[in-house]
Amino acid sequence: MALIKCDYYSETLGISTSMTVILPQRTFSQIGMEGAAGSAKHPTLYLLHGFSDDDTIWARRTSIERYVSSLGIAVVMPNLHKSFYTNMENGDAYWTFLTEELPRLARSFFPLSDDPKLNFVAGLSMGGYGAFKWALAYPERFAAAASLSGVLDLASERAKPAYDSIKRSFDLIFGDRAVEGSPDDLFELLRRLPMDAELPELYQVCGTEDFLYEGNVRFRDAIRQSGYPKYRYEEEPGEHTWEFWDKHIQSALALFSRKLQERG
């Protein structure tokens, strides 16, 4: 595998920013693991970080590079700061950056496929919200998506008393606008989906001791009632920790690998 720190300029954000990228490499003599890579443009996972993190965190806290080495999947890990993957009321257009500029730039820098059946998105906490938001808003772009301990009931979290730093960030992001019923509300995005369309497979997991567990259960119940065709929910004892996410990103990767095999 190649692990690349990519610094570049975003026209949408008007700043220099960064992404960390893992690219497949075919290897035979590397001790401890074997790398896989196809001859065409790479299947791609967009892997999103949480509220207090950046583009480096998945590579620093998990073994994501090792986990994807035999799968031939590229991983794009962008830096979206404390944006909640949203066009901020008092700030920058991070949603536009994520959904429009980032894929275009990443594909111009690296040999990444634009085939929806070869594209995936996943994330933890704030990134779990971002992953499902992207997949539900643009279902035609992805084969599957995964949320690990995601902030899936954002309207309820927005209404809760919060630490000053979180409250300040929410005020900058949303201002006075309501989350519920808006395009930032996953429940609203779910309601808008045509269930007879081809939709990405969704994988959701959360620990039963996680402070976001109740919101995950509410979203689980909503998606089951919606008749969403391809959805898997898991829960087990666990908190909001990297131990939990390191374990369950492997489950997400197993789903993505299966989708690639189904495509043939």
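Bear in mind that the values in this text are calculations on the coordinates, not laboratory data. All of these numbers come straight from a predicted model, not from anything done at the bench. Glycine gets a Cβ as well: all are built from the backbone with ideal geometry, and neighbour counts include every protein chain shown.
Couplings 3J(HN,Hα) of region 101-118, computed from phi: 6, 4, x, 5, 5, 4, 6, 7, 7, 10, x, 10, 6, 9, 6, x, 6, 10 Hz, in residue order, whole Hz [Karplus 6.51 cos²θ - 1.76 cosθ + 1.60, θ = phi - 60°; x for Gly and Pro]. A quarter of the convex hull surface defined by the alpha-carbon atoms of region 1-69 gives 5.9 nm² as the mean projection. Between Arg168 and Glu234, what's the calculated FRET efficiency when r is the beta-carbon distance and R0 is 35 Å? Round to 0.05. The formula returns an efficiency of 0.55 here. A viscosity of 1.567 mPa s and a temperature of 4 °C, combined with the Kirkwood radius over C-alpha pairs in the Stokes-Einstein formula, give region 133-220 a diffusion coefficient of 91 µm²/s. Take the Cβ atoms of Gln250 and Ala178, set R0 to 30 Å, and the FRET efficiency comes out at 0.20. With both residues required to sit in region 1-91, DSSP beta bridges show an antiparallel share near 80%.
Karplus-based coupling profile of region 74-86, in residue order and whole Hz: 7, 10, 10, 10, x, 9, 10, 6, 9, 8, 6, 6, 9, with θ = phi - 60° in 6.51 cos²θ - 1.76 cosθ + 1.60 and x standing for Gly or Pro.
Taking label points 7 Å from Cα along the Cα-to-Cβ direction, Ser156 and Arg104 give a separation of 3.8 nm.
Using the Kirkwood radius built from alpha carbon pairs, what does the Stokes-Einstein equation give as D for region 2-263 at 37 °C and 0.692 mPa s, in µm² per second? For the chosen part, D equals 177 µm²/s. Tell me the label-point distance for the pair Tyr138, Lys5, using the 7 Å Cα-to-Cβ offset, in nm and rounded to one decimal. Distance between the two pseudo-spin positions: 2.8 nm.
Among Leu124, Leu105, Leu80, determine the one that fluctuates most according to a GNM of the chain built with springs between C-alpha atoms less than 10 Å apart. Its mean-square fluctuation being the largest, the pick is Leu105.
Of all aspartates and glutamates in the structure, the ones whose alpha carbon falls short of 19 Å from that of Lys5, not counting any fewer than 8 places away in one chain, are Asp53, Asp54, Asp55, Glu65, Glu101. In terms of its alpha-carbon gyration tensor, region 50-133 comes out oblate; a/c meets the 1.5 threshold, while b/c is at least as large as a/b.
Counting lysine pairs in region 130-264 whose alpha carbons fall under 30 angstrom apart, excluding pairs fewer than 8 residues apart on the same chain, gives 9. Bridge orientation summary for region 2-263: considering DSSP beta bridges with both residues in this region, about 35 percent are antiparallel.
Reducing region 93-110 and region 127-175 to their Cα centroids gives an inter-centroid distance of 19 Å.
Computed 3J(HN,Hα) for region 53-62, one whole-Hz value per residue from the Karplus formula 6.51 cos²θ - 1.76 cosθ + 1.60 where θ = phi - 60°, is 10, 8, 5, 8, 5, 5, 6, 7, 9, 10, glycine and proline marked x. For the residues Gly72, Gly150, Gly32, a GNM of the chain with alpha-carbon springs under 10 Å puts the largest fluctuation on Gly32. What share of the DSSP beta bridges in region 58-202 is antiparallel, in percent to the nearest 5? Bridges in region 58-202 that DSSP calls antiparallel: roughly 10 percent.
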